[in-house]
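First comes the structure, then the notes that go with it.
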Amino acid sequence: MTTTAPSGAPTSAPGTGARPAPRDRVRKVARRRELGACAVLMTPFFLLLTLVFLIPVGTAVWLSFFQDDQPGLGFGPERTVFVGLRSYAAVLTDPTFLGGLGVVALYCLIYIPLMVVGALALALLLDAGVVRLRAWAQLGLFLPHAVPGIIAALIWLYLYTPGLSPVIDLLGEADITVNFLGVHTVLPSIVNIALWSNLGYNMVVFYAALQAVPREVIEAAVVDGAGPVRTALQVKTPLVRASIVMVAMFTLIWALQLFTEPMLLSQSTPMINSRFSPSMYIYDAAFTRNNYGLAAAASVVLLLCTIALSYGVTRWTSRSGAREEAAR
Amino acid sequence: MSSRTTAGPTAARPGLLGRATVRLVVGVSVLYTLLPVLWLVLAAAKNRDALFGSDLFALRDFSPVQNVRDLFAMDGGLYGRWYANSLLYAVLGAALGALISVACGYAFDKYRFRHKEKLFGLVLAAVMVPQTVLALPLYLIASETGVVNTFWAVFVPVLFNPFGVYLGRIFSQGYVPGEVLEAARMDGAGELTTYVRVALRMLAPGVVTVFLFQLTAIWNNFFLPMVMLSDQDLYPVSLGLYAWNSAATTSPEYYPVVIMGSLLAVLPLILAFVLLQRFWRSGLTAGSVK
């Protein structure tokens, strides 16, 4: 990979004919040394990029066009045959995969707005400067970020489990019975785990961005007679748009990979099957059913969905941003 | 904690009712984030019978020491093994990964070469690719090369941190002025010597930030070890607790150790975040400036 970097440099003087002027030569030597150093600094990363990113993506695409075929009722030697787009057709007509996509779509629709609005609201409230012990409040909100995803899922699983959960006991005393892992509640329960884990982290991202808003801008708004709510929504929020886009984007990419929480919850509830989300479908196809072609095709479909959606988010936000600029 | 100690302009502050509402909302949110952790602490400290009893918040029936002892005795001390593995994967992986990423980000910032922005685009694209997409091909490559179910199968992929390159480039722009490098060149220092002796020192806060983000990511990592490892002795804590939790559905004696194990697994990251606050806060700002 990195070898492309030095090769782009003007190559050495011999062969070019005219002997370069001394100062030129000095500059060329320096330039070559710079590019050499540049290559040394970049090589380790690009080796990794090739090894654990480019080759795997290529392999996934390649695999998705092949299937292991066992001729003669599975007794003959296994061979790999080219099947074209048949794996894709199989994936895209598989109701369990489409169901998984539907689950993730619904999950994103509930989770992302809640996350972005919640984290931004908390950051704006903290930035308004009326909360005492602000630093402690932030640390408290941030704490779940230090809890690994699988452990967050464990904690909440126990809080959802009758007999273990003080929440269910408390609700029981008020004569409310909730099954947190029922048909309609399991997805909100997963959203809750993700929200709990990441709310504080994103709040800190927004808060840090709000700190960078120039005070003159806010003061000007106040002079113009804007109240605190209006200042927050119409002055501060537009100024941290870049952060909002970034948070929405990362939340989206993470949400599309939904795996850890349902995987853990599936140990305790029949409402989550082994192909609940696309990532679980991939895992199931690859490591339970050993159908690599199908798993690879599902991976590529998930990858394309991710790229399309992230591209959509950037395009959409940059366009609405431009419109906003024009309106000013 | 806060870099701006004075509150916002006073005139923009909400009235009395508004202030009460703000405090209530923030207070409830903090309770929402803290109570589950508090539950974990209490549940981990309770003895086995009290855990399944109804009054968990009653302040008795504690046996934290016994619980820790039980945890480390379970299945022949497997938990201690997992903990050591996690520390190895996470601390070593994050340290090495941060150095690799920041070096690359620095090179992106300070040197000119052909197709630079295209290469950087590739790095950014890598940020967006879901890990679950790469798992199957990585597994197949690992089995092809015979490293599947070894330390390396988990360790090498976690070193890869494209977002660290992005942060490294931004930190390099912010912390390492070009004049300093020019001065070092005038003094006849080699490019790499300059990087190690001068630039890296200025980049230190950035390296720590990337390290911390990567430490969290590796400590949290669950999917990759699950795909790569079948030998329980190589498991990180996350995967080990998952395995024990699935055992608990049939044999409940695993519940207390899973809970205590979860609590201990949370501690290193909390410690790291508290100790290194100063750094990651600046990192978050850098990440959002673009």
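What follows is calculated from the coordinates using simple rules that are stated; it is not laboratory data. The structure presented is a predicted model; accordingly, all values stated were derived computationally and were not measured. Cβ sites come from the backbone with ideal geometry, for glycine too, and all protein chains shown count toward neighbours.
Quick notes
- Listed by chain and number, the lysines whose C-alpha is less than 28 Å from the C-alpha of A:LYS28, apart from same-chain residues fewer than 8 away, are B:LYS110, B:LYS116, B:LYS118.
- Computed about its Cα centre, the charge dipole of the stretch A:92-327 is approximately 460 debye, with only Lys, Arg, Asp and Glu carrying charge at their Cβ.
- Ellipticity estimate at 222 nm from DSSP helix runs (n ≥ 4, -39,500 (n - 2.57)) divided over the protein assembly as shown, nearest 500: -21500 deg cm²/dmol
- A straight chain from A:VAL178 to A:GLU216 at 0.36 nm per residue would run longer than the Cα-Cα distance by 8.7 nm.
- Look at the dipole of chain B built from charges on Cβ: of B:GLY121, B:TYR89, B:PRO256, the Cα furthest out on the positive end belongs to B:GLY121.
- Scattering curve values for the stretch A:36-186, log₁₀ I(q)/I(0), Debye with Cα scatterers, q = 0.10, 0.16, 0.21 Å⁻¹: -0.82, -1.15, -1.29
- Förster radius 51 Å - calculated FRET efficiency between B:THR250 and A:VAL313, Cβ distance, rounded to 0.05: 0.70
- Helix B:93-110 axis versus longest C-alpha principal axis of chain B: approximately 30°, rounded to the nearest ten.
- Percent of Cα pairs exceeding the 48 Å cut-off, where the set is the protein assembly as shown: 18
- If only the Cβ of Lys and Arg carry +1 and only the Cβ of Asp and Glu carry -1, the dipole of the stretch B:76-288 around its Cα centre is close to 580 debye.
- With the simple model of a label 7 Å out from the Cα in the direction of the Cβ, B:VAL156 to A:LEU233 spans 5.5 nm.
- Values of log10 I(q)/I(0), in the order q = 0.12, 0.13, 0.18 Å⁻¹, for the stretch A:92-327 under a Debye, Cα-only, solvent-free model: -0.81, -0.92, -1.32
- Only alpha carbons enter this Debye calculation for chain B, each as an equal point scatterer, and the log10 of I(q)/I(0) it gives at q = 0.08, 0.10, 0.15 Å⁻¹ is -0.50, -0.75, -1.20.
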